[in-house]
1. Between region 22-51 and region 179-242, what is the separation of their alpha carbon centroids in Å?
2. Within a Cβ distance under 13 Å of Ala132, other residues only, what is the Lys/Arg minus Asp/Glu net charge?
3. Work from the charge dipole of the chain (Cβ charges, +1 for Lys and Arg, -1 for Asp and Glu, about the Cα centre) and give the residue of Ala198, Tyr63, Gly226 farthest towards its positive end.
4. What are the trypsin sites (Lys or Arg not before Pro) within region 19-97 that DSSP puts in a loop, where the Cβ has at most 13 other Cβ atoms within 10 Å?
5. Grab the beta carbon distance between Tyr273 and Ser211, set R0 = 22 Å, and tell me the FRET efficiency rounded to 0.05.
6. Mind giving me the FRET efficiency for Thr58 and Lys22? R0 is 30 Å, r the Cβ-Cβ distance, nearest 0.05 is fine.
7. Residue farthest toward the positive end of the dipole of the chain, with Cβ of Lys/Arg at +1 and Asp/Glu at -1: which of Met83, Ala38, Ala283?
8. Residue-wise, which Karplus ³J(HN,Hα) couplings in Hz belong to region 238-246, taking 6.51 cos²θ - 1.76 cosθ + 1.60, θ = phi - 60°, and x for glycine or proline?
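The values are calculated or read from the model by the stated rules, or taken from the named source; none is laboratory data. Note that the coordinates shown come from a computational prediction; the quantities given were computed from them, not determined experimentally. Reconstructed Cβ throughout: ideal geometry from the backbone, glycine too, with neighbour counts over all protein chains shown. Surface accessibility is based on the protein's heavy atoms, side chains included, excluding ligands, DNA and RNA. Shrake-Rupley method; radii C 1.70, N 1.55, O 1.52, S 1.80 Å.
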Amino acid sequence: MSDLLENPKSGRVRAVAALAKKDVRADTGLFLLEGPQAVREAIEYRPELLRELYVTPTAAARYGLDDAPVDTWFVSEQVLETMADTVTPQGVVAVCQQFPTSVKDVFPDAGPAGQEARRGSGTDGSLPGLVAILEQVRDPGNAGTIIRAADAAGADAVVLTGRSVDPYNPKVVRSTTGSLFHVPVSVGVTLADTVARAKALGYTVLAADVSGDDLPDVRADGMLDGPTAWVFGNEARGLTSEDLALVDRAVKVPIYGRAESMNLATAASVCLYESAFAQRVAASSTGH
């Protein structure tokens, strides 16, 4: 543990704070991690990614971070506030190495080797694959919440196309609440290439869209039982006709009450969990 950092204008403090900017993250390959829960998840699941930890003495004692396995600095409240992206930080900020997954690892090239890599890719080693694909999802809160929901539903990966928000945006990272360290996230690819890769491996590709068929009907047809990739589009515009032409079927979450619409992240959570339920029922009925 270092001496207390108290100068909010120091070069080290400015460098950490600058990670809130996308161009700085791109140049350095680093990102900002805030809050005790997210830091604990990083320590438990991906400690090799942690580069530096900054914590107030009070937060270090409260959250048990005195002996974290990373270069750790005590900082003043003012310094912590300067580094953090949030208005009311919780006394803990870390610098992490970015770790995007290649889309080729999510959807290996077609052929015997690729089929074998896909087979049994579910989180328990036996269920079919489940992947969320985000196309032009721009809201950081939505993207982070979908990553968290995908993790909770047991999905194998999340793919963010090049026109979606940066998953290392501080707001995205906070919204994942540590799930960023649990589920592989691929970035910078096109929707067309991602869908083609999924289909080549036998995935059913579904698009969440208000023009589609009701989700319960699609599940009743058995389309959620096998390996499935869900495509979720822009919050305001949804998916284009060209996007929808790429997928096997468009699906909507029916609204039974009086709500005008459903938040994207909420709809995505419902779709992912419906797939998770269907895959588990199908697996149990076949004895797998």
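1. 28
2. My count for the surroundings of Ala132 gives -3.
3. Highest projection toward the positive end goes to Ala198.
4. Loop-located and lightly packed - Lys21.
5. Numbers: r = 22 Å, r/R0 = 0.99.
Computed FRET efficiency for Tyr273 and Ser211 comes out at 0.50.
6. On the way: r = 32 Å, r/R0 = 1.05.
Step by step, r from the Cβ atoms, then E = 0.45.
7. Result: Met83.
8. x, 9, 7, 4, 5, 5, 5, 5, 7
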